[in-house]
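For reference, the structure discussed in these notes is given below.
Rule-based calculations on the coordinates, nothing more; no lab input. All values derive from a computational prediction rather than experimental measurement. Reconstructed Cβ throughout: ideal geometry from the backbone, glycine too, with neighbour counts over all protein chains shown.
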Amino acid sequence: MRFPSDNEFKESIIRKDFYHFAKKIYYFQKLENFERKEKVSINEYTIEHIMPQNENLSLAWQKDLGYNYKEIHEKYLHTIGNLTLTGYNSEYGDKPFKEKRDMKGGFKESPLRLNENLRNLESWNESEILKRANALADLSLKIWITPSLDETICNMYKPKIKQL
């Protein structure tokens, strides 16, 4: 057993299927409330797929995602870069990104820090998903810092090898 390196941890965060991750609510709560004195209760929010789950993507979504939209959809659908929190999940539905951004209660109006970077985007595509995933992974590294222990302390916990 060992702690992963920061790079291993970051890559795991970026690629992980977060939608089916048992601790996703805890994780999003930590991301939302990091370094906040006035904590946000996320119990009223649900997980939103920015790029919708529906595999029959609208023409608007296909255009935003590009010629390889099916591959992008399959690869990033449940990753942290494509997931956020909202109280308007049912209203968002499969709407195009700009509609989700600009509608009443949309990303532009969201009080959540998790949605700040969505306010001024013109489209949602592979590049933006990866940018957001990297930003959230970098924030994760600030929250869950790799412990640094002196080697003498580590040696105290290493298994003792018996001499024959």
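Before moving on, here are some points about what is shown:
- Taken about its Cα centre, the chain carries a charge dipole of roughly 540 debye when the Cβ of each Lys and Arg holds +1 and the Cβ of each Asp and Glu holds -1.
- Ascending count of other beta-carbon atoms within 10 Å, so fewest first, for M156, M51, M103: M156, M103, M51
- Residue with peak Gaussian network fluctuation, the chain [Cα springs, cutoff 10 Å], from K37, K131, K104: K37
- Across the chain, Cα pairs under 8 Å and at least six residues apart give a relative contact order of 30 percent.
- With 5 Å bins from 0: P(r) over the stretch 23-105, alpha-carbon pairs, percent: 3, 14, 23, 21, 18, 12, 7, 3, 1
- Cβ crowding within 10 Å ranks T86, T146 as T146, T86, fewest other Cβ atoms first.
- If the segment from A22 to Y67 were pulled out straight at 0.36 nm per residue, it would be longer than the present Cα-Cα gap by 12.9 nm.
- Taking 0.36 nm per residue of separation and subtracting the current Cα-Cα distance, fully stretching the chain between N56 and E99 would add 13.7 nm.
- Applying 1/(1 + (r/R0)^6) with R0 = 41 Å to the Cβ-Cβ distance of E122 and M156 gives a FRET efficiency near 0.15.
- Exposed-loop-free span, longest in the chain, where GluC sites (Glu not before Pro) count as exposed if DSSP calls them loop and at most 10 other C-beta atoms lie within 10 Å: 56-121
- Fewest-first sequence of K16, K108 by Cβ atoms within 10 Å of each Cβ: K108, K16
- Pairwise Lys count, the stretch 54-164 - Cα closer than 14 Å, eight or more residues apart or different chains: 5
- For the chain, built as a Gaussian network whose Cα springs stay under 10 Å, the top-fluctuating residue of L136, L77, L149: L149
- P(r) of the stretch 110-164 over all Cα-Cα pairs, binned every 10 Å from zero, in whole percent: 17, 29, 18, 13, 15, 7, 2
- Candidates P111, P96, P147, ranked by Gaussian network fluctuation over the chain, Cα under 10 Å, top entry: P147
- Stokes-Einstein translational diffusion, the chain - Kirkwood Rh over all Cα pairs, 1.567 mPa s, 4 °C, in µm²/s: 74
- Cβ-defined net charge surrounding K30, 12 Å radius [Lys, Arg +1; Asp, Glu -1]: +4
- Stretching E44 away from N89 to a fully extended chain increases their span by 15.1 nm, per 0.36 nm per residue minus the current alpha-carbon distance.
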